[in-house]
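Each reported figure results from applying straightforward, stated rules to the coordinates on display, with no laboratory input. Keep in mind it's a predicted model, so treat the numbers as computed, not measured. Cβ atoms come from the backbone with ideal geometry, glycine included; neighbour counts cover every protein chain shown.
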Amino acid sequence: MIRYYIFLLLFFLFIIEGTVFQIFAPDQYGVEYLFVPRWVFLVIIFAGIFRGRGVGTFYGIIFGVMYDVVYTSVLGIYAFGMGLIAYLLSISISFFQKHLTVAVLTSLLAITILIIMLWNDVRSRFNFHAT
């Protein structure tokens, strides 16, 4: 039963990230920074840590494909990145499960790795070099 709750939570966050969050986007208020919410990926990493590596990898691939279909023109970037990082960082050791601080730091590391992977892929595909 908890499997359905995790899926519904992830789907709800996926919808919120693309629709409702745009109301609070910083660029509407003159801020030049871009804030991209990664709530779905955060929950995927937590699900992997607390429910097992298979659960994290499964949801990483499923929602990665959904991100690819909705947000990108190249299929597989998010699916590969989310699936791989969820597999590598879904450490179901009791130390990670008992200490929430370590789980939070692991999820922040996962988000950082995902963003770096995506940025390097976009930069190399479109021959984009930041100045």
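Peptides 108-117, 30-39, 52-61, 11-20 ranked from most to least packed by the mean count of surrounding Cβ atoms within 10 Å: 52-61, 108-117, 11-20, 30-39. The C-alpha atoms of the chain define a longest principal axis, and helix 39-51 lies at about 20 degrees to it. The alpha carbons of the stretch 1-124 stretch over 45, 30, 27 Å along the principal axes, in descending order. Say a paramagnetic label sat at a point 7 Å from the Cα of residue 24, along Cα to Cβ; which residues of the stretch 39-65 have their backbone N under 16 Å from it? Only 39-43 pass the distance filter.
Our estimate of slack between residue 101 and residue 75, defined as 0.36 nm per intervening residue step minus the Cα-Cα distance, is 6.0 nm.
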